[in-house]
Amino acid sequence: MNMRYSKISGWGKYVPEKVLTNFDLEKMVDTSDEWITQRTGIKARRIAADDETTSTMAVAAAHKALDVAKLTPTDLDLIIVSTSSPDHLVPIVSSTVQHQLGATCPAFTVVTGCTGFVYGLATGHQFIATGAYDNVLVIGVELISRFVDWTDRNTCVLFGDGAGAVVLTPSNTPTGVKAIDLGSDGAKGMSLAVPGLGTAMKLDHDVIDRGDHYLKMDGRTVFKFATRVMPQSTLKVLENAGMTIDDIDLLIPHQANARIVDLAVRRLGISPDKVFLNLQKYGNTSAASIPLALVEAYEEGRIKEGDHVCMVSFGAGLTWASAIVQWGQPLGDSAEIMDEDLIWDIDALRRKLARASTGVRVKARTLMEETSYKASSLMLPLYTSVGRRLPWSKKKEK
Ligand code: COA
């Protein structure tokens with residue numbers, strides 16, 4: 001069986017129309033545009049209209065991703081919705097999205113806070129790699145403004161609403177999701193929590209009076225965690241992919257805070273030109289942050305065919321997650337190299353790869369894996385039909 005890679009074949013985003021600027025917030029809480037800009041880099045965020053829900057935003061982004069992939073909802077084999085702000089606790093929002101889309105496939109929800117999209121992408125990739133499913137829709141969506149206490153300046157300036165989606169489809173060529181790194185550390189979980197919703201606390205008037213049905217955050221603890229795990233997880237996912245930071249064409253960090261990104265970028269030694277930020281427009285949209293940035297980076301021409309994109313996020317749990325994804329088709333004709341060189345003269349291919357550019361070297365490393373599959377399936381026919389050309393046959397002849 002050939003290796004199956006999961007390629008990003010479709011992408012789409014949705015943001016609500018209503019813009020809430022820092023100046024609007026100045027009229028709501030004791031804050032200033034200067035404070036918010038200096039501490040976070042955020043200038044504005046989008047807020048869902050009263051008639052919008054998490055599922056309606058998810059469906060809007062999903063339709064766009066399906067159009068790009070040239071698929072219809074009934075072509076889908078699986079829907080993964082990543083969110084921590086579902087329409088309801090029950091029923092799960094992924095089934096609502098499946099129904100609203102008119103899809104007929106299974107659907108489930110991933111709830112890992114801001115890392116949800118990367119967790120969802122990693123999960124979708126597994127279903128494709130194993131051959132279980134072909135067309136997987138992964139959505140990151142958040143209507144977090146309904147869980148924000150608009151009188152709490154510590155949190156209300158940070159968050160916004162939005163949705164982003166990708167369609168994963170199988171590919172025999174090494175592309176798409178190349179490596180992942182997922183992590184969880186629940187020790188400081190309550191530093192970013194909605195403490196009053198769930199089975200740990202009976203929902204009563206005291207909960208409401210304390211505002212425990214809203215998002216609470218210990219900003220400094222989360223800040224420390226984020227600046228530690230962002231570079232750590234990026235280095236780990238690079239190691240998993242057999243790549244270095246120089247092989248990355250674009251870094252898409254979780255769009256929480258420009259200061260956190262800046263520290264991570266400096267620790268990683270990556271040029272700021274290779275880092276994409278749109279948090280100034282949308283604030284922290286939690287599970288939607290990475291896919292929204294991915295789609296906008298592509299729309300702005302920051303991602304080209306064959307580019308390697310590294311996404312890295314942190315969030316509630318506390319959790320972290322990164323993925324390296326190759327966009328579109330890799331450069332060159334991999335099949336030709338495999339058939340002509342790798343099977344017959346592996347040393348020549350190794351020499352060729354050593355001379356090749358970094359991007360090609362990465363592709364070839366994955367090719368080597370693919371070739372071991374191909375070689376094993378070719379071995380018997382090769383031996384019987386053209387046995388004389390095999391290296392050990394040549395030695396015998398001498
Ligand atoms: N406007 C004005 N002042 C504010 C404010 C606001 N919106 N929010 C907090 N302050 C005040 C604080 O009350 C504090 O005042 P005090 O010293 O009188 O108590 C002061 O500003 C400094 O607070 P501090 O917490 O030290 O600020 P900070 O430099 O750590 O920045 C965050 C605060 C929230 C921006 C920062 O901690 C952060 O980004 N943390 C990570 C949050 C995050 O990413 N969460 C999402 C995870 S997915």
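The values are calculated or read from the model by the stated rules, or taken from the named source; none is laboratory data. Only a predicted model underlies this, so the values are computations on that prediction, with no experimental measurement involved. Glycine also receives a Cβ, built like all others from the backbone with ideal geometry; neighbour counts cover every protein chain displayed.
So that you can scan it fast, the table gives a plain yes or no per residue for (1) surrounded by 21 or more Cβ atoms within 10 Å (Cβ to Cβ); (2) over 27 Å from residue 21 (Cβ atoms); (3) more than 10 Å from the ligand (Cβ to nearest atom); (4) not small (Gly, Ala, Ser):
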residue: 271; (1), (2), (3), (4): no, yes, yes, no
residue: 274; (1), (2), (3), (4): no, yes, yes, yes
residue: 280; (1), (2), (3), (4): no, no, yes, yes
residue: 289; (1), (2), (3), (4): yes, no, no, no
residue: 295; (1), (2), (3), (4): yes, no, yes, yes
residue: 300; (1), (2), (3), (4): no, no, yes, yes
residue: 303; (1), (2), (3), (4): yes, yes, yes, yes
residue: 315; (1), (2), (3), (4): yes, no, no, no
residue: 319; (1), (2), (3), (4): yes, yes, no, yes
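Every test in (1) of a type outside the set (D, E, K, R); (2) in contact with a strand residue (DSSP E or B) (Cβ under 6 Å, 6 or more places away or on another chain); (3) part of a loop (DSSP other than H, G, I, E, B) is passed by residue 81 save one, and that test is (3).
Considering only region 132-209, give the strands (runs of 3 or more DSSP E) lying wholly within it that have at least 1 residues that are in the same structural domain as residue 291 (by TED's automatic domain parsing) and touching a helix residue (DSSP H, G or I) at 6+ places or on another chain (Cβ under 9 Å). Explain how you work it out, then say what you get.
Numbers: elements: 136-142, 162-171, 176-184.
The strands (runs of 3 or more DSSP E) meeting that bar are 176-184.
Looking at 226, 256, just one residue is in a loop (DSSP other than H, G, I, E, B), within 10 Å of the ligand (Cβ to nearest atom) and either in contact (Cβ under 8 Å) with a residue 60 or more places away in the chain or touching a helix residue (DSSP H, G or I) at 6+ places or on another chain (Cβ under 7 Å) (or both), and that residue is 256. Look through region 215-243, keep the residues that are more than 21 Å from the chain's Cα centre (by Cα) and either acidic (Asp, Glu) or buried (at least 21 other Cβ atoms within 10 Å of the Cβ) (or both), and return whichever of them is farthest from residue 143 (Cα to Cα). Of everything passing the filter in region 215-243, 218 is farthest from residue 143 (Cα to Cα). Screening residue 81 with (1) crowded, with 23+ Cβ neighbours inside 10 Å; (2) farther than 19 Å from residue 121 by Cβ gives one miss only, at (2).
Restricting region 23-34 to residues that are within 9 Å of the ligand (Cβ to nearest atom) and in contact (Cβ under 8 Å) with a residue 12 or more places away in the chain, the residue that is farthest from the chain's Cα centre (by Cα) is 30.
Restricting to region 244-274, name every residue that is of a type in the set (A, V, I, L, M, F, W, C) and either farther than 24 Å from residue 141 by Cβ or in contact with a Gly (Cβ under 6 Å, 6 or more places away or on another chain) (or both). So that I can check it myself, show each step before the final result.
Here is the first cut: in region 244-274, the ones of a type in the set (A, V, I, L, M, F, W, C) are 245, 248, 250-252, 256, 258, 260-261, 263-265, 268, 270.
Passing the criteria: 245, 248, 258, 263, 264, 265, 268, 270.
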